[in-house]
Amino acid sequence: MSTDSASASELLAVRAAELYYEENKTQDEIGAILRVTRWKVGRLLAQARERGIIRIEIVHPRARRLALERELTARYGLKDAIVVPAPVEDAELQARVAEAAADYLVSVRPVPRLLGVSWGRTLHQVAEALPVGWSTGVNVVQINGGVSLSKRPGTAASTAVMIAQKASGQATLLPSPAILERLETKKAIEGDRTVGGVVQMARGAAAYLYSAGVADTTSVHVDSGYLTPADIDDLVARGAVGDVIGRYITAEGTIADPELDARTLGLSLEELRGAATSILVIGGESKHPIARAIVAHSLCSVLVTDEHTARALLDEDGAGAPDHHDVPSGGDAS
């Protein structure tokens, strides 16, 4: 095809695209206007898409970035990935990601009859986003301690109860702080029949749902009275990038402070890593380091996040991708 013919064909494709997408003309109408067959119009529109003349973007808040999802599952060996568009306003991002997690829970098959959940601001937003009747007969169990030590009421119990009630199920709470001051106290509480029974029940959950926190003073562990700003500074000095189910980890997926971890009550990292379905809900630039540590070191099988976090996880030149034949132990002390 000559240059002039190629140029004429491209201009015809542009005109067909304008009439179809901007003027809402049918392919028959476009054919009459351009004096070509309906079949030719279809070919022109396909040509416009192939050459990038047309760019189609789905802008609904619940739309998903399917290409990024495919890349994430391939790169990190995930069972599934849900990536939502990042909103213009950062304040909306957590709500958008939480809503996507709620949508995912509604669609999960088989339905997890026993769902293990963590707690925190993001998880509470997921609970609020779930519709009443999102499932039937789903029981919920807490997977890590969450009794607040501060005067401000905690959200751990209310999150678990809300998720269960909306699925006509029952919630089993873990009546313990997340982090104990003394190791002896933690061992005594863990040995209690009630607390030990809840942890054992959590180990049998069909799926786990949790988020992760950053290693700074905005952490819910500081807000709830478990840790002080000085404790956070010490954790950061030890390489901590954030926490998952209350356990502070480094970028390499190992426990940052074994002594602190020994005083942390709930499921261990190894139990989380070995789960068939473990759903991480996370979003926002501040959480990119902890998201990378969790995903790269097989601490989740399903990821629900925003497109900026997804791109950050994929922009690692392969360094963040795990070797699925040699996963680090995590150094979990509990």
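The values are calculated or read from the model by the stated rules, or taken from the named source; none is laboratory data. Remember, predicted model here, so these are calculated numbers, not experimental data. With ideal geometry, Cβ positions are generated from the backbone for all residues, glycine too; neighbour counts draw on all protein chains shown. Quick note on the areas: whole protein, heavy atoms, side chains included, nothing else; ligands and nucleic acids left out. Shrake-Rupley method; radii C 1.70, N 1.55, O 1.52, S 1.80 Å.
Here the condition is being out of contact with any Leu (no Cβ under 8 Å at 6 or more places or on another chain), open to solvent by less than 10 Å² (accessible area, probe 1.4 Å), at pLDDT 90 or above and under 20 Å from SER224 (Cβ atoms); of ALA127, ALA160, it holds for ALA127 alone.
Would you mind stating whether ASP223 is within 30 Å of LEU114 (Cβ to Cβ), of a type in the set (Asp, Glu) and open to solvent by less than 20 Å² (accessible area, probe 1.4 Å)? Against the criterion (within 30 Å of LEU114 (Cβ to Cβ), of a type in the set (Asp, Glu) and open to solvent by less than 20 Å² (accessible area, probe 1.4 Å)), ASP223 does not qualify. Of the residues making up the stretch 233-241, one or more are of a type outside the set (S, T, N, Q) and under 19 Å from the mean Cα position of the chain (by Cα). Counting only strands (runs of 3 or more DSSP E) that sit completely within the stretch 231-322, those holding 1 or more residues that are at pLDDT 95 or above and touching a Lys or Arg at 6+ places or on another chain (Cβ under 6 Å) correspond to 302-306. Among the residues examined, ALA237 does not qualify as in contact (Cβ under 8 Å) with a residue 60 or more places away in the chain, open to solvent by 40 Å² or more (accessible area, probe 1.4 Å), over 20 Å from GLY146 (Cα atoms) and of a type in the set (A, V, I, L, M, F, W, C).
Going residue by residue through the stretch 264-285, is there one that turns out to be under 21 Å from ASP233 (Cα atoms), open to solvent by 20 Å² or more (accessible area, probe 1.4 Å) and under 14 Å from the mean Cα position of the chain (by Cα)? The answer is yes, given that some residue of the stretch 264-285 is under 21 Å from ASP233 (Cα atoms), open to solvent by 20 Å² or more (accessible area, probe 1.4 Å) and under 14 Å from the mean Cα position of the chain (by Cα). Pull up the stretch 68-94, narrow it to residues that are of a type in the set (Gly, Ala, Ser) and buried (at least 17 other Cβ atoms within 10 Å of the Cβ), then point me to the one that is modelled with the lowest pLDDT. This residue is ALA86. Contact annotation: residue pairs with Cβ atoms under 7 Å, 6 or more positions apart or on different chains, pairing a residue in the stretch 42-66 that is at pLDDT 70 or above and surrounded by 14 or more Cβ atoms within 10 Å (Cβ to Cβ) with a partner that is in a loop (DSSP other than H, G, I, E, B) and β-branched (Val, Ile, Thr), are ALA48/ILE54. Looking at the stretch 171-183, is at least one residue surrounded by 12 or more Cβ atoms within 10 Å (Cβ to Cβ), out of contact with any His (no Cβ under 8 Å at 6 or more places or on another chain) and assigned to a helix (DSSP H, G or I)? Looking for residues that are surrounded by 12 or more Cβ atoms within 10 Å (Cβ to Cβ), out of contact with any His (no Cβ under 8 Å at 6 or more places or on another chain) and assigned to a helix (DSSP H, G or I), one finds at least one in the stretch 171-183, hence yes.
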